[in-house]
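Notes for the one structure printed next.
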Amino acid sequence: MAFDVEKIRGDFPVLSRVLPNGRQLAYLDNGATSQKPAAVINRLTKFYSEENANIHRGLHHLSAEATFNFENARTAIATYLKTPKDCDLIFTRGTTEAINLIAHGLASELNEGDEIVITLMEHHANFVPWQLLALKTGAKVRYANVKDNGELDLDDWKASFNSRTKVASFTQVSNALGTVNPAKEMAAFCRERNVISVVDGAQAVPHGPVDLGDLDCDFYAFSGHKVFGPDGVGVLVGNSEILNRFPPYQSGGDMIDRVAIEGTTFQKAPERFEAGTPNISATIGLAAAFQYLSELDWIGAHEHETALLTEATERLKAVGGIKIWGEAPVKASVISFTMDEAHPQDIATILDNVGVAIRTGHHCAMPLMTHFGIKGTARASFAFYNNRDDIDALIEGMGKVKRLFA
Ligand SMILES: Cc1ncc(COP(=O)(O)O)c(C=O)c1O
């Protein structure tokens with residue numbers, strides 16, 4: 001059966017919203033955060049209406065139930081991601097915290113002169129932690145180039161490796177360009193050289209199932225709020241052996257084994273990296289999001305998103321005067337663009353007037369913008385629940401922008 005986008009839209013209450021100006025919401029800011037299905041919203045309501053308790057420490061029924069649901073969320077999400085047996089799944093606040101956790105842990109492993117390879121298309125969350133790690137350890141960061149069409153320059157990336165390379169961190173999908181990187185090939189390249197691989201999956205998990213066994217990287221990070229789940233929770237899957245070498249990231253309750261005046265011993269991963277009360281409701285809500293995603297027709301969803309990307313790209317080009325940044329051959333449904341005469345903020349304001357929500361600015365990828373010699377772009381980012389009406393509204397709005405500024 002064909003992918004029924006209207007039926008899917010019915011699962012996401014906010015998508016039927018009519019804005020105060022009378023326009024139907026056309027939500028094209030999915031790269032920033034995704035909307036939530038009723039299954040997730042209802043799960044959060046149920047938790048707070050019926051189940052709220054702290055986990056891992058109470059003997060009463062509610063605490064045992066919350067603990068069970070929290071740990072069940074870990075198992076269910078790990079299963080969805082096809083997490084290999086030699087990995088742990090740690091709950092974090094999001095991708096940013098996950099990458100900071102890894103960089104913090106690696107501070108005890110890197111020495112002066114060691115090297116870290118990243119790329120020019122990284123989000124600041126996968127850029128700044130490595131710069132800070134380099135400052136702390138005396139290591140050096142190398143930045144692999146991005147081609148004019150938004151593709152990663154894989155030859156340059158490979159040429160950035162040498163005998164001092166200890167870590168390589170790269171995004172699977174660029175939030176600013178939509179470029180899909182060959183993450184499996186890149187992780188294999190790292191493995192052959194004994195280099196620790198870190199994959200930023202923040203923009204990949206919302207666009208399709210991820211098979212971490214197949215990807216075979218050392219670390220994989222993403223955020224709950226971008227995968228149709230709640231904010232304030234994220235996931236780090238990491239190689240257990242490496243994780244258990246790391247010192248704790250934060251300390252306090254839950255992550256300890258024994259605390260005494262003479263000294264403290266710590267749990268192993270994942271608890272070692274989950275100090276204090278976690279975001280229990282959001283974690284359980286995230287499991288509901290993955291339950292929803294596991295029932296989605298991903299083949300149909302992918303075809304649908306690809307059709308939206310193709311149509312929106314063609315129709316934007318037809319408006320005239322628009323430059324699209326990032327036309328890599330393999331691309332997720334993200335369109336970054338500028339218009340000669342109009343500032344991205346003017347574009348966003350006019351689009352907002354017709355109900356279209358997009359993002360503008362540097363997209364937390366300032367080095368990439370500098371590389372392209374621009375300050376920022378307007379970005380329309382699609383999810384599987386977007387439809388052709390959303391494209392119609394986008395094109396109507398861009399027509400207005402053109403009439404006003406051209
Ligand atoms: C590719 C990428 N990495 C990391 C992040 C940071 O995610 P968060 O702010 O949820 O930690 C984002 C957010 O936009 C992103 O797009």
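No value in this document is a laboratory result; all are computed from the given coordinates. Fair warning: this is a prediction, and the values are worked out from it, not measured in the lab. Counting neighbours? That spans all protein chains shown, and the Cβs are built from the backbone with ideal geometry, glycine included.
Using a Förster distance of 41 angstrom, determine the FRET efficiency expected from the C-beta separation of V14 and L135, and round it to 0.05. Step by step, r from the Cβ atoms, then E = 0.45. When the Cα positions of I116, S197, N69 are compared along the charge dipole of the chain, I116 comes out farthest toward the positive end, with charges on each C-beta of Lys, Arg, Asp and Glu. Relative contact order, whole percent, for region 256-398 stands at 21, derived from Cα pairs under 8 Å and 6 or more residues apart. Across region 155-164, computed HN-Hα scalar couplings (Karplus, 6.51 cos²θ - 1.76 cosθ + 1.60, θ = phi - 60°) run 5, 5, 4, 5, 5, 6, 7, 8, 5, 8 Hz from first to last residue, x flagging Gly and Pro. Distance between Cα centroids, region 180-253 to region 344-387: provide it in whole Å. Centre-to-centre (Cα) distance: 26 Å.
The dipole here belongs to region 62-103: it is taken about the Cα centre, uses +1 on the Cβ of Lys and Arg and -1 on the Cβ of Asp and Glu, and is about 120 debye. Simple spin-label estimate for A64 and K158 gives 5.7 nm between the two label positions (7 Å along the Cα-to-Cβ direction from each Cα).
A cut-off of 5 Å between modelled amide H atoms, ignoring neighbours fewer than 5 places along the same chain, links I90 with L236, V237, G238.
In this structure the amide hydrogen of W325, modeled in the peptide plane, comes within under 5 Å of the amide hydrogens of S336, F337, T338, none closer than 5 places in sequence on its chain. A 27 angstrom limit on the alpha carbon distance is what I want to check against. Which of K140/K268; K85/K166; K268/K331; K166/K268 exceed it? The pairs that break the limit, which is 27 Å between Cα atoms, are K140/K268; K268/K331.
3J(HN,Hα) along region 236-250, derived from phi through the Karplus expression 6.51 cos²θ - 1.76 cosθ + 1.60 where θ = phi - 60°, amounts to 10, 9, x, 4, 4, 5, 5, 4, 6, 7, 6, x, x, 8, 10 Hz, with x in place of Gly and Pro. Tally Lys and Arg at +1 and Asp and Glu at -1 over the other residues with C-beta under 11 Å from the C-beta of L154: what net charge comes out? Taking every Cβ under 11 Å from that of L154, the sum is -3. Once the Kirkwood radius over Cα pairs is known for the chain, the Stokes-Einstein relation at 20 °C and 1.002 mPa s delivers a diffusion coefficient of 96 µm²/s. Full extension of the chain between E327 and N54 yields a length gain of 93.5 nm, computed as 0.36 nm times the residue separation minus the alpha carbon distance. Less than 5 angstrom separates the built amide H of T119 from those of A144, all sequence-distant by 5 or more or on a different chain.
Between D4 and I261, the simple label model (points 7 Å from Cα in the Cβ direction) yields a spacing of 6.9 nm.
Available extension along the chain between N149 and E112 is 9.8 nm, counting 0.36 nm per residue and deducting the alpha carbon span. Between Q250 and E311, the FRET efficiency from the beta-carbon distance, with R0 = 56 Å, is close to 0.75.
Ordering 286-292, 108-114, 339-345, 141-147 by mean Cβ neighbour count within 10 Å, with the highest value first, yields 286-292, 141-147, 339-345, 108-114. As a calculated quantity, the FRET efficiency between A406 and H371 at R0 = 35 Å, using C-beta atoms, amounts to about 0.80.
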